[in-house]
Structures are given as structure tokens and as C-alpha cells.
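Chemist: What follows is a structure written as C-alpha cells; I'll ask about it next.
The values are calculated or read from the model by the stated rules, or taken from the named source; none is laboratory data. Nothing here was measured: the structure is a model prediction, and the numbers come from that model. So basically every Cβ, Gly included, is an ideal-geometry build from the backbone, and we count neighbours across all protein chains shown.
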Amino acid sequence: MTHSLHRLGDYENLRNDYVVLVMSAKGFNDKGSAVKLKRALELSFKYNPVNYGDIKTGNKFSASRDSILENYYGHFNYSYCI
């Protein structure tokens, strides 16, 4: 899983790492989902993720937190945090 490529270390220091993927399903819950996905990503910041981002803007290494949050729009999006 490419979202886990940051993982370096032994079992003990990685045992509390979790990959969280949040996405809408086209035709099921995609309408208005951008607001909810943005909120889910905002909530993840409380836990100091080592990486986060969305499929359209990029991750924390290629875009600022503010630009990632500002670019949530449309009906389909996908966000993640580790």
C-alpha cells in the first residue's frame, strides 16, 4: 500500500500506526461529500498524522495543509492520513 511507504522502524515503534482512508462512493454518498471529507481530514490533525492529503491536491510533502483543505470541492474526493 503506497500510503504506508513512510513506515520505517521495528515492530514496536510501528505497532500504533494506522492508515485511514476516507472516500465517497459515486452514486451512493458522493453528493455533498466534500464538506464531510474535509471535516474528516481536519479531525485527523488532532492526532498529528505523519502524512495526509487528498487525491487531487497531493500530500503534506507536496502541498500545504491550507491548500489541501481549500481544494476540497465537487462530488467525489478521497483523503487519507497516517
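For (1) buried (at least 16 other Cβ atoms within 10 Å of the Cβ); (2) among the hydroxyl-bearing types (Ser, Thr, Tyr); (3) touching a Gly at 6+ places or on another chain (Cβ under 7 Å), each residue gets a yes or a no:
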residue: Arg39; (1), (2), (3): no, no, no
residue: Glu42; (1), (2), (3): no, no, no
residue: Tyr47; (1), (2), (3): no, yes, no
residue: Gly53; (1), (2), (3): yes, no, no
residue: Lys56; (1), (2), (3): no, no, no
residue: Phe61; (1), (2), (3): no, no, no
residue: Ser64; (1), (2), (3): no, yes, no
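Chemist: Filter region 40-57 for residues that are closer than 13 Å to Tyr72 by Cβ and either touching a Lys or Arg at 6+ places or on another chain (Cβ under 9 Å) or outside any loop (DSSP other than H, G, I, E, B) (or both) and give the result.
Modeler: Residues satisfying the conditions are Ala40, Leu41, Glu42, Tyr52, Gly53, Asp54.
Chemist: OK, next. Would you point out the residue of region 14-39, among those that are assigned to a loop (DSSP other than H, G, I, E, B) and of a type in the set (A, V, I, L, M), that is modelled with the highest pLDDT?
Modeler: Ala25
Chemist: Working only within region 40-82, note down all residues that are among the polar types (S, T, N, Q), modelled with pLDDT under 85 and on the phi > 0 side of the Ramachandran plot.
Modeler: Matches in region 40-82: none.
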